[in-house]
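Each value in this text was obtained by applying a stated rule to the coordinates, not by laboratory testing. Owing to the predicted nature of the structure, the values given are computational and were not obtained by experimental measurement. No Cβ is skipped: glycine too gets one built from the backbone with ideal geometry, and neighbour counts run over all protein chains shown.
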Amino acid sequence: MSARHAGKIVAITGAAGGIGQAIVCRLAHEGARVAIADIADCAETIELARQAGGEASGFKVDIGSWEQMRGFADQVRARYGAALIAVHCAALQFMSAFEELSTEQWRATHEVNVLGGFHLAKAFLPAMKLERWGRIVMVASSSFFAPPPRMTHYISSKGALYGLVRGLAAEVGEFGITVNALAPGLTRTRNAIAGVPPAHFAAVMKHQSIKRSGEPEDQAAAISFMVSDDAGFMSGQTMLVDGGEGHV
């Protein structure tokens with residue numbers, strides 16, 4: 001086990017699988033204790049974290065509810081102590097033409113992708129301010145910089161996260177708290193492999209500087225740096241991890 005994050009307590013949303021799961025395993029392996037807020041079963045992630053030599057716990061939380069997120073923060077504090085690292089990875093993503101979107105679908109997308117991030121930051125900021133140290137990362141998307149069709153609802157929600165990062169970073173920097181965004185490119189999660197045609201992966205790869213598909217572990221490695229002491233002078237920024245396909 002690496003000791004890079006030994007003694008740190010991490011709160012993360014959306015880690016039952018995919019990029020979030022890789023983040024949990026990486027940080028747990030590096031010594032952090034990780035608390036997961038998700039409506040899905042996180043048993044697999046918890047077991048993988050254990051196999052990586054670390055510790056993780058799952059809490060069933062509707063991140064669109066302030067009451068539930070505040071309760072999550074209380075539960076994490078009771079079990080581990082104050083979480084000074086918060087990562088918002090939960091996301092609702094589906095394809096739909098703009099004119100076919102319902103108000104309910106638009107609202108649901110923004111509730112998970114934006115309101116969930118707002119609630120996470122709000123719930124864990126007080127402890128970070130008291131300790132005068134903290135790391136907040138919002139997992140956004142490279143699609144904001146190169147928008148594909150039929151994803152306007154998703155792209156607009158991720159764009160809001162970039163605004164949240166910049167605004168909040170300006171408010172909390174004096175407390176030693178950094179706020180940044182991770183922008184993953186197309187990543188070979190199980191959902192992506194099941195739903196994205198191989199030809200699309202190949203087409204994206206043609207535009208990348210690095211000629212391979214992105215893996216969840218690539219994003220987890222970036223997060224490991226962004227929440228570390230080494231990243232203490234970076235705030236309000238976006239880290240684009242897409243193999244060189246795009247540029248910020």
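Note the full-extension length gain between ARG79 and THR103 as 0.36 nm times their separation in residues minus their Cα-Cα distance, in nm to one decimal.
Value of the extension gain: 4.8 nm.
How much FRET efficiency would the formula 1/(1 + (r/R0)^6) give for VAL248 and LYS206, where r is the Cβ-Cβ distance and R0 is 22 Å, rounded to 0.05?
That gives a FRET efficiency of 0.60.
Taking the C-alpha atoms of the chain, how large are the radius of gyration and the largest Cα-Cα span, Dmax, in Å?
Rg then Dmax for the chain, in Å: 17.1, 50.
Which of the three applies to region 205-248, rounded, prolate or oblate, going by the alpha-carbon gyration tensor with a ≥ b ≥ c and a/c under 1.5 meaning rounded?
Judged from the Cα gyration tensor, region 205-248 comes out oblate (a/c at least 1.5, b/c at or above a/b).
Only sites in a loop by DSSP and with at most 13 other Cβ atoms within 10 Å count here; which chymotrypsin sites (Phe, Trp or Tyr not before Pro) in region 1-103 make the cut?
Passing both the DSSP loop test and the Cβ count: PHE94.
In whole percent, what relative contact order does the chain give with Cα contacts below 8 Å and a gap of six or more residues?
Reported relative contact order: 19 percent.
Can you tell me the 0 to 90 degree angle between the C-alpha axis of helix 216-226 and the longest principal axis of the chain, rounded to 10?
50 degrees
Provide Rg and Dmax in Å for region 1-70, with only Cα atoms included in the calculation.
11.5, 35
Restricting everything to alpha-carbon atoms, can you work out Rg to Rh for region 88-195 with a Kirkwood hydrodynamic radius?
1.02
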